Amino acid sequence: MKKTRVVVVDDSALVRRLLAEIINRQSDMECIGAANDPLIAREMIRELNPDVITLDIEMPRMDGIDFLGRLMRLRPMPVVMISTLTERGAEVTLRALELGAIDFVAKPRIGVVDGLNELSCEIVEKVRIAAAAKIKRTVLSTDTSGKSSTDARPVSTFSLSGRVFTEKIIAIGASTGGTEAIKEVLVQLPANSPGIVITQHMPPGFTTSFAARLNNLCQIAVQEAVQGERILPGHAYIAPGGKQFRIDRSGANYVAVVEDGELVNRHRPSVEVLFRSVANIVGRNAFGIMLTGMGNDGAKAMREMKDAGSYNLVQDEASCIVFGMPKEAIAHGAADEILPLTAIAPALLSKLGASTDRYRI
């Protein structure tokens with residue numbers, strides 16, 4: 001059996017040793033090198049040609065983001081970020097995902113030995129996913145402020161003719177690769193789109209920054225979901241990390257339900273929880289979107305949405321980083337259309353009766 005060959009890049013000797021031990025305990029992978037800064041890592045990558053690297057963000061001589069940007073432009077390869085769970089760490093991690101990192105692990109700030117050992121299953125699972133993921137060369141440019149060339153409100157190409165869709169709901173589910181896929185869909189939507197509810201597999205501490213980042217890019221307003229808050233047209237609500245998110249009715253209004261809840265399909269938040277509530281509460285007034293991600297979370301509930309009358313769009317294999325969740329949704333007969341990522345928002349808006357109207361917001 002061919003093993004996945006991993007290079008660990010971290011300025012902490014302790015973290016390097018722990019990650020190497022976690023990787024080497026697996027029968028299907030091995031740590032073939034460890035570097036304490038990106039310049040050493042660069043030479044190690046050239047010499048050893050690993051399948052995956054794990055990369056810290058804060059390191060000497062060159063930080064992980066600068067190194068990742070250069071790597072993904074010049075030699076694209078699977079990268080799993082090891083990110084400290086802080087507000088700045090969350091923002092920088094999202095930038096890393098934008099640059100092409102496959103996924104990230106939130107490194108504990110204290111109790112590193114116990115913390116990383118507790119995360120060992122997550123670490124090796126994400127290395128395995130990264131090894132099999134599709135890698136795309138980064139074409140983003142970066143200015144001196146650290147913002148990418150996409151950090152601007154887009155030119156709208158659709159108009160919904162001033163309609164207010166109070167009865168419609170768009171439900172989106174995603175996992176690995178989903179932060180960029182969700183952004184691709186949301187930036188194309190006009191400000192009077194129906195209310196949007198989103199579950200992206202993400203730990204606590206990261207969804208606040210994710211929502212804020214999208215809010216700065218989109219014509220719709222984007223925020224974390226708040227318990228009891230009314231779901232409004234022109235707004236998108238993201239499931240908070242570590243919480244289950246579903247929708248309910250209060251009179252004529254849709255409202256957000258955010259609660260601790262049990263793990264569902266090993267996830268909290270779970271796409272299954274959100275999609276099932278949409279099937280039960282919204283029925284034929286719903287649109288479902290399943291984007292890139294590992295596993296089968298949400299597939300059964302997306303079929304329940306379809307059976308209740310929703311119209312469902314599923315990302316195709318060629319444009320997915322990981323084709324797990326979309327593949328399972330298709331296998332369950334949940335898809336009305338299977339489309340490239342860039343075609344999903346236009347198809348959705350076409351179903352809503354949008355007309356092409358090129359203008360700047």
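The numbers here are math on the coordinates, done by the rules we state, and not lab data. Only a predicted model underlies this, so the values are computations on that prediction, with no experimental measurement involved. Because the Cβ atoms are built from the backbone with ideal geometry, glycine has one as well, and the counts that use them run over all protein chains shown.
Modelled this way, with points 7 Å down the Cα-to-C-beta line, the labels at ARG17 and GLU118 are 2.1 nm from one another.
What's the extension gain from LEU232 to LYS2 if we count 0.36 nm per residue and subtract their Cα-Cα distance?
Numbers: separation 230, 0.36 × 230 = 82.80 nm, distance 5.09 nm.
My answer for the length gained is 77.7 nm.
For the chain, the residue among LEU19, ALA252, SER319 whose Cα projects farthest onto the positive side of the dipole built from Cβ charges is SER319. Database remark: amide H of THR4 closer than 5 angstrom to the amide H of MET29, GLU30 (H placed geometrically; neighbours at sequence offset of 5 or more, or on other chains; Pro and chain starts carry no H).
Taken along the Cα-to-beta-carbon direction at a fixed 7 Å, the label points for ARG61 and ASN253 span 5.7 nm. If you count Lys pairs in the chain whose Cα atoms are under 16 Å apart, skipping same-chain pairs closer than 8 places in sequence, the total is 10.
Among SER175, SER319, SER270, the residue with the largest mean-square fluctuation in a Gaussian network model of the chain, with springs joining Cα atoms closer than 10 Å, is SER319. Shown in residue order for the range 202-214 are the 3J(HN,Hα) couplings computed by the Karplus curve 6.51 cos²θ - 1.76 cosθ + 1.60 at θ = phi - 60°: 7, x, x, x, 10, 6, 4, 5, 4, 5, 5, 4, 5 Hz (x for Gly and Pro).
Looking at the square roots a ≥ b ≥ c of the eigenvalues of the Cα gyration tensor of the range 12-61, which shape do they give, rounded for a/c under 1.5, prolate if a/b is larger than b/c, or oblate?
Numbers: a/c = 2.45, a/b = 1.29, b/c = 1.91.
Here the range 12-61 falls in the oblate category.
Since only SER193, GLY261, VAL222 are under comparison, the one whose Cα sits farthest along the positive direction of the charge dipole of the chain, derived from C-beta charges on Lys, Arg, Asp and Glu, is SER193.
Calculated FRET efficiency, ASN49 and GLU125, Cβ-Cβ r, R0 30 Å, to nearest 0.05? Write out the running numbers ahead of the final one.
Working: r = 23 Å, r/R0 = 0.77.
Step by step, r from the Cβ atoms, then E = 0.85.
Compute the Cα gyration tensor for the range 4-132, then decide on rounded, prolate or oblate, letting a ≥ b ≥ c be the square roots of its eigenvalues: rounded whenever a/c is under 1.5, prolate when a/b is larger than b/c in the other cases, and oblate in all that remain.
Rounded is the answer for the range 4-132, as its axis ratio a/c remains below 1.5.
Extending 7 Å from the Cα toward the beta-carbon at both GLU337 and ARG73 defines two label points whose distance is 3.6 nm. Using only alpha carbons, the range 156-359 has a radius of gyration to Kirkwood radius ratio (Rg to Rh) of 0.92. When only the Cβ of Lys, Arg, Asp and Glu is charged (+1, +1, -1, -1), the dipole of the range 156-359 relative to its Cα centre reaches about 280 debye.
In the chain, the longest principal axis of the Cα atoms and the axis of helix 341-351 are about 10 degrees apart. The ranking of ILE289, ILE123 from fewest to most other beta carbons within 10 Å of each one's beta carbon is ILE123, ILE289. Within a Cβ distance under 13 Å of VAL271, other residues only, what is the Lys/Arg minus Asp/Glu net charge? With Lys, Arg at +1 and Asp, Glu at -1, the neighbours total +2. Considering the options ILE53, ALA132, MET72, tell which one lies farthest towards the positive end of the dipole of the range 4-132, charges being +1 on Lys and Arg and -1 on Asp and Glu at the Cβ, about the Cα centre. Positive-most Cα among the choices belongs to MET72.
Here's the picture: a label point sits 7 Å out from the Cα of GLN223 along the beta-carbon direction, and within the range 256-300 the residues with their amide nitrogen under 19 Å of it are 256-259.
Within the range 254-275, whose backbone N sits under 14 Å from a point 7 Å along Cα→Cβ of LYS300? Only 263-267, 271-275 fall inside the zone, counting backbone N under 14 Å. Relative contact order of the chain: 13 percent, from C-alpha pairs under 8 Å at least 6 residues apart in sequence.
Scanning the chain for trypsin sites (Lys or Arg not before Pro) in DSSP loops with at most 13 neighbouring Cβ atoms within 10 Å leaves 138-265 as the longest stretch between them.
Among residues other than ILE281 whose Cβ falls under 10 Å from its Cβ, what is the net charge (Lys/Arg +1, Asp/Glu -1)?
Details: positive: ARG246, ARG249, ARG276; negative: ASP248.
Net local charge, ILE281 excluded: +2.
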